[in-house]
Amino acid sequence: MKNRKHVLVTGGAGYIGAHTVVELLNAGYEVTAIDTLERSEQKIIEGVKTITGKTFGFHKIDCLNKVAMNQLFSTQQFDSVIHFAAYKSVNESVEKPLMYYHNNVGSLITLLEVMKQHKVRDLIFSSSCTVYGQPDRIPVDESAPFKRAESPYGASKQLCERILEDMTTEGIRVVSLRYFNPIGAHPTGLIGELPIGVPNNLVPYVTQTAAGVRAQLTVFGSDYNTPDGSCLRDFIHVCDVASAHVNAIQFLEEQASASVFKTYNLGTGIGVSVLELVKKFIAVTGVPLNYKIGARRPGDVEKVYANPEKIVKELGWRYQYDLGQSLQHAWQWEKKVRGLA
Ligand code: UD1
């Protein structure tokens with residue numbers, strides 16, 4: 001008799017996916033990961049194996065490929081699925097909306113069809129605080145209404161959540177985790193984020209500037225209605241994001257009900273400004289950072305941070321790493337990638 005639960009992780013070579021595979025293996029789960037490796041690298045899979053000292057199945061499969069997905073589900077029995085596979089660039093989604101809807105919504109639909117066919121019912125979905133837009137009240141809690149999404153990326157996450165909520169009538173049980181701003185890297189320095197080309201996100205831009213790959217960081221906007229004029233965000237260590245997926249799976253395992261749709265904010269509850277983060281990076285790493293204040297970036301939300309009470313109370317999750325540790329780990333990873341470590 002099989003005694004370990006078997007989890008399928010789509011997008012398992014991606015930034016949050018790979019850190020989650022580590023947490024699952026450490027928690028004793030059997031894991032199979034799939035990824036196209038279109039925006040991630042095989043070496044991340046090797047890093048996960050080195051960190052955990054454990055092996056797991058990895059297949060280069062596109063979640064949109066129903067034939068390949070059906071074949072996978074025919075040969076393996078999964079107890080649950082964690083669905084990360086998606087595109088995540090806000091800017092790119094504005095330029096290529098169809099590509100975003102096709103990939104992000106299409107892959108979820110294909111996955112749900114295959115899950116249904118093979119009677120796999122438990123799903124953890126990778127959602128985002130972007131579903132809220134600029135909320136009326138912060139810290140924002142899960143009852144806040146969805147505002148019109150600022151980008152096709154945001155709209156794709158809203159749409160996916162709606163699809164999942166509707167799917168509860170078809171026996172799919174869902175936990176949707178709304179990530180705030182995941183940053184950092186594994187403390188071992190063996191896995192981390194690998195942005196393609198010029199990073200859009202703040203922390204990879206900071207670490208690349210510190211490493212001399214980029215000449216200067218621009219802080220987008222200093223005239224926001226915030227204490228220091230720069231945007232406020234809720235930065236959370238990627239390992240803390242990853243560990244919440246284990247709590248979410250265990251939660252679903254404990255549910256007797258045939259129908260579950262739960263959404264949880266996944267943030268620390270601490271609002272940190274862009275300028276505060278920049279200063280913290282300099283303070284904890286001792287590395288100088290060339291930065292300037294620039295114009296606002298179109299589409300940016302002024303301030304958003306989580307009320308994480310629900311996930312703490314219902315899933316028993318807590319974050320472990322503070323901002324300084326997150327930035328140190330991000331820097332350690334950048335140095336490794338650039339051969340500076
Ligand atoms: C956004 C989405 C998030 C999504 C993520 C994916 C919101 C509120 N958040 O995060 O859900 O998962 O994109 O990429 O919609 N900044 C600079 N200089 C830079 C880069 C960024 O000042 O070079 C500032 C931005 O203006 C922003 C903050 O840093 O205020 C964070 O930016 P970023 O890391 O891109 O994440 P979000 O835009 O918050």
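Table for the structure above
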item	result
Interchain or long-range residues, amide H under 5 Å from residue 262's placed H	174, 175, 176
Rounded percent of accessible protein surface that carbon and sulfur make up, the stretch 54-113, 1.4 Å probe	56 percent
Built amide H within the under 5 Å cut-off of residue 128, gap 5+	179
Mean Cα-pair separation over length for the chain, i.e. relative contact order, pairs under 8 Å, 6 or more apart, %	19 percent
Residue 217 long-range amide H proximity, modeled H, under 5 Å	290, 291, 292
The stretch 16-31 - phi-based ³J(HN,Hα) in whole Hz, Karplus 6.51/-1.76/1.60, Gly and Pro as x	7, x, 5, 5, 6, 4, 4, 4, 5, 5, 5, 7, x, 7, 7, 10
Centre separation in Å (Cα based) which lies between the stretch 171-245 and the stretch 248-309	8 Å
Accessible area expressed per residue, the stretch 216-341, with surrounding protein chains retained (probe 1.4 Å, Å²)	45 Å²
Inter-label distance, nm, simple model (7 Å from Cα along the C-beta direction), residue 43/residue 119	4.4 nm
Loop sites in the stretch 1-83: GluC sites (Glu not before Pro), DSSP, at most 16 other Cβ within 10 Å	38, 41
Estimated vicinal HN-Hα couplings, Hz - the stretch 87-103 in sequence order (Karplus 6.51, -1.76, 1.60; Gly, Pro = x)	7, 9, 8, 4, 4, 4, 5, 6, 6, 10, x, 5, 4, 6, 5, 4, 6
Whole-number percent relative contact order across the stretch 74-175, with pairs defined as alpha carbons under 8 Å at least 6 apart	36 percent
Solvent-accessible area per residue, Å², over the stretch 89-149 with all protein chains present [probe radius 1.4 Å]	49 Å²
Carbon + sulfur, % of accessible area of the stretch 208-341 - ligands and nucleic acids excluded, 1.4 Å	47 percent
Nearest-ten-degree value, helix 323-337 long axis tilted from longest Cα axis of the chain	80 degrees
Residue 293 paired with residue 318, simple spin-label distance in nm, labels 7 Å along Cα-to-beta-carbon	3.8 nm
Ellipticity estimate at 222 nm from DSSP helix runs (n ≥ 4, -39,500 (n - 2.57)) divided over the chain, nearest 500	-11500 deg cm²/dmol
Crossing angle, helix 274-285 versus the chain [Cα axis fit, 0-90 degrees, rounded to tens]	90 degrees
Rounded tilt (10° steps) of 238-254 against the dominant C-alpha axis of the chain	30 degrees
Anchor residue 157: lysines whose Cα lies under 17 Å away (excluding residues fewer than 8 positions away in-chain)	88, 96, 147, 262
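The values are calculated or read from the model by the stated rules, or taken from the named source; none is laboratory data. Keep in mind that this is a model prediction, so the values were computed, not measured. Every residue, glycine among them, receives a Cβ derived from its backbone with ideal geometry; neighbour counts consider all protein chains shown. These area figures cover heavy atoms from the full protein model, side chains too; ligands, DNA and RNA do not enter into them. Shrake-Rupley method; radii C 1.70, N 1.55, O 1.52, S 1.80 Å.
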